[in-house]
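Novice: Below are the C-alpha cells for one structure; questions will follow.
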Amino acid sequence: SNLSFGFRGVTKIRESIHACFLHHAITESGMDVGIVNAKEMYHINDLEPDMLQICENLVFNKIPEATDDMLERTNYERACIVARKEKKAPPRKPRGRPVIVPRMKFDYDNIVPKPAFEPPKPTSDAAQNYVPNPYQNTKLTHEKILEVRSRSTIKDPNATIDWNQDPSLYPADYPHFVRGRDSVRKHLTSLFNSKIAMYDGAMGTMIQNYGKKHKLGEAEYRGEQFKDWDCNVKGNNDMLSLTMPEVIKGIYSQYLEIGGSNMIGTNTFSSTTIAMADYNMEAYAYELNYYGARLAREACDEMTAKDPTNPRFVCGAMGPTNRTGSISPSVEDASARNVTFDELVETYFEQAVGLVDGGADILIVETIFDTLNAKAALFAVGEFLEFSGLDIPVFVSGTLVDQSGRTLSGQTGEAFYASIRHSKPMCVGLNCALGAQQMVPFVERLAKVVECYMHVYSNAGLPNAMGGYDDTPEDMAKYNKVFFENSWLNMVGGCCGSTPPHIKALRELSANYKPRKLPDVGRPKMWLSGLEDLVVDDCVNHLGLPFLNVGERCNIAGSKKFKNLIMAGDYGKCMDIAKQQVADGAHVIDINVDDGMLDGVAAMQKFVKIAVTEPEVSKAPFMLDASNFKIVIAGLKWCQGKPIVNSISLKVGEELFKEHATLLKKHGAAAVVMAFDENGQAATESEKVRICQRSYKILVEEVKFPPEDIIFDPNVLTIGTGMEEHAAYGIDFIKATKTIKETCPYVKISGGISNLSFGFRGVTKIRES
C-alpha cells in the first residue's frame, strides 16, 4: 500500500497500480512475500488495456507525464464513484495518451534538403531575375505614386528623385557597386554570405549627445522653416533632417567613418502621417522621408567614393507608428482601436514613396511590437513594388519587449516570423527593448527557423534609473560575442544607447567570425500563427492522428448557441466558447458570422478584434470563414497572425478567383479552395479531382500562390440518405483525396465532417462513430 499512497481514496486506482507492480516483481524478479489487502487485490488480466498502460508508465517511469496521466484517471474514477452515488450517468472517460499514427507519405515528401545560397525571393520578375533598380524615379508614374508626390511640401524645384550613376563609375566585379547597373539584392547576397555586415547605431542617442555639447532647444528644432509653428516640436527628431540637416548628415557620416557601417538607417522612424499628427505635421511626411533618405544617400556616396571596394547602402527606416492595430486603447472595450489597417497601409505607402524618391536602396520595417502594424507596412511596400515594378530588398526587425520573449501584442518570435514571412524579407531579426544579453535565447530560437538572413541590433544594455544606457563599446561587443560564436547573424548593429564607437567595437570583433549559413531548403510546409506558431505538417491531434483539428463551435451555421450569442451581441460568452474549443483540442478556431440577418462585416471585425486580445483564444491561429469574400477580408485586416481563409473557388469565375487569391497572398493567408467551378459543386470523384487540379494550376502557375498554403475542400457530402446517387459520396471523397494529393504537391485536404452524417443528426454517438 505504500506504493500507491499518493492515490489514496480511490481503491480501483491503487489496486490497479499494485497489480501491475506485483505481476512484474513476482514473475520477473522473484518477489515472494508482501503485506496486502487480499480481498481487494486485482490480477493484471483484470485491468482494462488503457489502465494497464497508464500503470506501466507510472511503475516503470516510462514517460515524464506518467503521474499527470494517473492523476487525470484518478479524477475520472472518483467522479464515477460520485455519479453512482447520485444515480447519474458516468462522466466521459479520458482518452489517455494516444498512439501516434504516421502521416501518409507521397513522392514529394521524400525531398532531400539542399544547401541554400540565397534567401527566398519575392515572386516578382524583377526580384526573381535580379533586375537592377534603375534609380530613375521620375519614370515611376503610377497614379498612386503621383498622388503621393502631388501632396509634397518640398519647395526646392531642383530636388532630384533620380539617383542612377554612370555605369562605368566603378569596376563591374563584386564588391564594387553602381546604382542602376548592379542589383542590390545580388550584392547583399554576396555580402551576407561572406561576412557579418555592419548596420549603424542609435540616431536618438547621437542627437541627445549633440544636444549636450550644443544648444538644441525648441528654436533649433523649429529652425527658420517652422519658426512660427503652432505647437511645441522639441523632441521631433525626424524634423531635424529639414531644420538641421548638417547635424543629421554628420551623424550618418560618423557611423560610416568611425563605425564602419555597410548600411545606415534613415532618420525617419516617425515620419508617417500618423506619428507626425502629434506635432500637426502630417502634411510634411513625404518631405521628411525624402530628406531623411537624401542626406543618408549623400553621406553614403561620399564614403563609397573614398573606398569603392566598400560600397555603403541606405536603409529607409519605417517605424511602428505610435498606434497599434492589435491592442485596444480602452480598458472598457476590447474591440476599440485608434487606427485601422487601411490607415496604416496608406501612411506606410506614402513613407515608402518618399524614402525611395530620396535615394533609399533598402526598406526596413523596424521595431515591431505589434505584428499587425508590420503586416500593414509590408502590404504597403508590396503595393509600391508592384506599382513601380522595382526590386527593393526588404528587412524586417521585431521587438520582444521583455524576458517573456514576446512582442507587446503577445506573439512569440517564431509566430512573428511566421506572420510576416509571406513578404519574403531578405533579412529578419530583433532590435530594441533588450540588451544583447537578454536577447540570447530568443535569437537562438529565431536562428533555428528563419529561412532568410538574420540580424540583431540590440540596446547598449538595459536602461538605468536615469533612462540612460551603461554598456561601453567593449561591453556591447562582449555581450554580442555569443551571436558571432554560434554563427546566428549576417548583420549586426546597435539600437538605443549605441554610438559609432559601439559599432566599431562590434565590427572589429565580428570580423573574426563567419556569418550565419542559410538553412537547407527542403519540403515546404504550411506554417500558421496566432500568438504562437503552428506547423500544420507536423501537427498531431489528441487522438494521435496526423490531422489538424479546426474547432467548429464559433460558426454561426454550426452552433445554435453561438448564433444566439452573436445575434444578442454577447461577445464575452462567444469568447468562452472559443476558449473551450482550444482547451478541448482545437488547433485552429473557425470563425463564421455569415448570416443574412446579421451585418457580417461588422460582426467579423468585432469578433476578431476582441479575440486577438484574449490569449487563451488567440494563441491558436484563426480560420476566417464566410461565403461573402468581403467578410473574410474584413477579419483578415484585424488578424496579426497567419490565418486560413475559408474559402475561395472558381464558382465566381476565373478572373475573380485569381483576384481573390492574389489578395490573400498579399495578406499572407492560407486558403481553403472549394471544389466548385462555374458549373457548380463537385459531387463525383472525377469532378472533385478535375476542379482541384484546375484550381491548383491557376493558383501555383499564374498567381504564384504557395502550394503549401492551399487547402482543397473536395466537398464532404451526406451519405446514408436512402438515395442511390448519395451512396458513393463517402468513398468518392476518400479516393479523390488521394489523387489530388498525388497530383497537386504540398496541398492539404479538408472537409466539413459533420456534413457526412447529417442524415443522423440528433444522435451524437452515431454521428461521431
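Novice: Among all residue pairs at least 6 apart or on different chains, which show Cβ distances below 6 Å where the first residue, located in region 522-534, is farther than 16 Å from residue 749 by Cα and the second is among the β-branched types (Val, Ile, Thr) and at pLDDT below 95?
Specialist: Final answer for the pair search is 522/111; 523/111.
Novice: Could we say that residue 725 is out of contact with any Gly (no Cβ under 7 Å at 6 or more places or on another chain) and on the phi < 0 side of the Ramachandran plot here?
Specialist: Yes, satisfied.
Novice: Considering region 243-256 alone, what residues qualify as being assigned to a helix (DSSP H, G or I) and more than 36 Å from the chain's Cα centre (by Cα)?
Specialist: Residues satisfying the conditions are 243, 245, 246, 247, 250.
Novice: Against the condition in contact with a Gly (Cβ under 9 Å, 6 or more places away or on another chain), open to solvent by less than 10 Å² (accessible area, probe 1.4 Å) and not charged (D, E, K, R), how does residue 326 come out, does it pass?
Specialist: yes
Novice: Could you check region 64-85 and list, in sequence order, the residues that are open to solvent by 100 Å² or more (accessible area, probe 1.4 Å) and not in a helix (DSSP H, G or I)?
Specialist: The one that is open to solvent by 100 Å² or more (accessible area, probe 1.4 Å) and not in a helix (DSSP H, G or I): 64.
Novice: Inside region 76-114, can you point out the residues that are touching an Asp or Glu at 6+ places or on another chain (Cβ under 9 Å) and closer than 19 Å to residue 52 by Cα?
Specialist: 93, 94, 95, 96, 97
Novice: If you don't mind, there's one more thing I want to ask. Which is surrounded by fewer than 22 Cβ atoms within 10 Å (Cβ to Cβ) and of a type in the set (Gly, Ala, Ser), of 460, 447?
Specialist: Every option except 447 fails the conditions.
Novice: Out of the residues in region 735-758 that are farther than 20 Å from residue 109 by Cα and out of contact with any helix residue (DSSP H, G or I) (no Cβ under 8 Å at 6 or more places or on another chain), which is surrounded by the fewest Cβ atoms within 10 Å (Cβ to Cβ)?
Specialist: The extreme case among them is 753.
Novice: Taking the condition out of contact with any helix residue (DSSP H, G or I) (no Cβ under 7 Å at 6 or more places or on another chain) and either among the aromatic types (Phe, Trp, Tyr) or in a loop (DSSP other than H, G, I, E, B) (or both), does residue 304 pass?
Specialist: No; evaluated as a whole, the condition is false for this residue.
Novice: Can you tell me which residues in region 222-241 are farther than 17 Å from residue 275 by Cα and part of a helix (DSSP H, G or I)?
Specialist: 222
Novice: Right, something else. Quick check: is even one residue across region 258-278 acidic (Asp, Glu), surrounded by fewer than 21 Cβ atoms within 10 Å (Cβ to Cβ) and without any contact (Cβ under 8 Å) to a residue 40 or more places away in the chain?
Specialist: no
Novice: Report the residue count in region 611-632 for those that are under 17 Å from residue 373 (Cα atoms) and open to solvent by 20 Å² or more (accessible area, probe 1.4 Å).
Specialist: Residues in region 611-632 being under 17 Å from residue 373 (Cα atoms) and open to solvent by 20 Å² or more (accessible area, probe 1.4 Å): 1 in total.
Novice: Follow-up question, since we're still on this one. Among the numbered criteria (1) farther than 21 Å from residue 233 by Cα; (2) in contact with a Ser or Thr (Cβ under 8 Å, 6 or more places away or on another chain); (3) open to solvent by 40 Å² or more (accessible area, probe 1.4 Å); (4) of a type in the set (A, V, I, L, M, F, W, C), which single criterion is violated by residue 299?
Specialist: So residue 299 meets the others, but not (3).
Novice: Right, another one. Being in contact (Cβ under 8 Å) with a residue 60 or more places away in the chain and within 17 Å of residue 619 (Cα to Cα) is the filter here, so list the residues in region 552-577 that pass it.
Specialist: 552
Novice: So for region 663-679 (the condition being closer than 18 Å to residue 752 by Cα, of a type outside the set (Ser, Thr, Tyr) and more than 27 Å from the chain's Cα centre (by Cα)), does at least one residue qualify?
Specialist: Within region 663-679, one or more residues are closer than 18 Å to residue 752 by Cα, of a type outside the set (Ser, Thr, Tyr) and more than 27 Å from the chain's Cα centre (by Cα).
Novice: Further question on the same structure: On the basis of being surrounded by 24 or more Cβ atoms within 10 Å (Cβ to Cβ), assigned to a helix (DSSP H, G or I) and either within 21 Å of the chain's Cα centre (by Cα) or among the polar types (S, T, N, Q) (or both), does residue 582 make the cut?
Specialist: So residue 582 fails the test.
Novice: With the checklist (1) over 35 Å from the mean Cα position of the chain (by Cα); (2) open to solvent by 10 Å² or more (accessible area, probe 1.4 Å) in hand, flag the one item residue 235 doesn't pass.
Specialist: (1)
Novice: For the structure I just gave you, tell me whether residue 124 is within 30 Å of residue 395 (Cα to Cα), without any contact (Cβ under 8 Å) to a residue 40 or more places away in the chain and of a type in the set (Gly, Ala, Ser).
Specialist: Spelling it out, it is not the case that residue 124 is within 30 Å of residue 395 (Cα to Cα), without any contact (Cβ under 8 Å) to a residue 40 or more places away in the chain and of a type in the set (Gly, Ala, Ser).
The values are calculated or read from the model by the stated rules, or taken from the named source; none is laboratory data. The structure presented is a predicted model; accordingly, all values stated were derived computationally and were not measured. Neighbour counts run over all protein chains shown; Cβ positions are idealised from the backbone, glycine included. When the accessible area is computed, the model is the full protein with side chains, heavy atoms only, and any ligands, DNA or RNA have been set aside. Shrake-Rupley method; radii C 1.70, N 1.55, O 1.52, S 1.80 Å.
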